[in-house]
1. Which members of segment 37-51 meet the condition of being modelled with pLDDT under 95 and acidic (D, E)?
2. Could you tell me whether any residue of segment 16-28 is closer than 14 Å to P102 by Cα and either buried (at least 17 other Cβ atoms within 10 Å of the Cβ) or of a type in the set (A, V, I, L, M, F, W, C) (or both)?
Amino acid sequence: MEENQFSRRAVDGVTVVIAGGDIDIASVHRFKAFLENSADPDGAGLVLDMTNVSYLDSRAIATLAEFSSRVRVARQRLALVADENGIAAKLLYITGLAAVIPIFSGLAPAVEEIRRT
């Protein structure tokens, strides 16, 4: 099991959450809390960089789906950065979440997606 880590920073006025390692039953509550605490209620949205995520379980996918819904209800946007061949992108495509959470291969286009609202 790889240790998970979460951090955040602002890029061009957009909050970017960086996740790494495994997001599973042992860490999903911390992941969820970190996402919720990172969301700016007055912002346009959030970018979630999952490039360095090595494992996601079903609870992590459910957390992403729930967070995506909450962001949409708040009339904000969520964009994901992930390697197109990585676990995060593959699972979002398999589960259909890629239809509601746009996936980008780099940070700059994801930030631009959020800023254009």
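1. D40, D42
2. Checked against the condition, which is being closer than 14 Å to P102 by Cα and either buried (at least 17 other Cβ atoms within 10 Å of the Cβ) or of a type in the set (A, V, I, L, M, F, W, C) (or both), segment 16-28 yields no hits at all.
The values are calculated or read from the model by the stated rules, or taken from the named source; none is laboratory data. Quick caveat, the model's predicted, so the values are computed rather than measured. So basically every Cβ, Gly included, is an ideal-geometry build from the backbone, and we count neighbours across all protein chains shown.
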